[in-house]
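Read-outs: derived from the displayed coordinates by stated rules, not from any lab. Not measured: the values here are computed from a predicted model.
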Amino acid sequence: MRGRATRRAVTKTYVERLLWDAGCARVAGVDEVGMGPLAGPVVAAAVVFAPGRALKGIADSKQLTRRARERLAGEIRQHAIGVGLGIVEPPEIDRVNIYQAGLKAMRLALEALPFVPDHVVVDARHIPGINVPQTPYGHGDAFVYSIAAASIVAKVHRDEVMRQFDEAYPQYGFRRHVGYATREHLAALRVHGPCPLHRRSFAPCAAASDVVVVAAPAAVESAARSSVITIDIAASPAVATDAH
């Protein structure tokens, strides 16, 4: 109905409380972003909060404005007891396919945590290669608190990476569409061809591959070379007590 404001679904810690009560003190929420874009990495985050810790306004990153995401990402980093990021770059996406790349990014994010979690909750996937109990939730980023927090951290990090790449490749407009298949992006691909950030296994990039390829500045490539980022959060005294 016109004139009615859209209500955002804010997540609660219902799932986490069940696990905390069962003795799982360190519950890691995991989510990935960047599965659909034509360019750039797929990024996953793993976020762990101390039992009883809950921030207001945590929701699926897709339902938040850029300003809200960036504010919440800062609060999450401040109050979580652990945050890990996993990044898989376009050449590997092309080699293993985007689905497998997303799974690898989530595994790398868990490995980047400063400790091994007691349980993992993940958005609609089963992460192979981890020796931790895990539970997938369909549309988990919409209602599971720590999964939504992970979606925010991953989205903010990936968007910032793509905006930095815009300085090296301004002809593609990455700062506006962060690699997604907008009309602007598709038109730029037809004119300029793919750059090293593009996923050559994706049809629009493959179709434009006969255009001269743009080389990547060394400084820009070095900024995105690391596939794993570890963030050890300095928690508040109340959180630190639960972390040891």
Task: Difference of contour (0.36 nm per residue) and Cα-Cα distance, ASP21 to ALA203 - done: 60.8 nm
TODO: Return the whole-Å distance between the Cα centroid of the range 55-108 and the Cα centroid of the range 16-42.
DONE: 8 Å
Open item on the list: Between GLN164 and HIS126, what is 0.36 nm times their sequence separation minus the Cα-Cα distance? Round to one decimal in nm.
Closed with: 10.5 nm
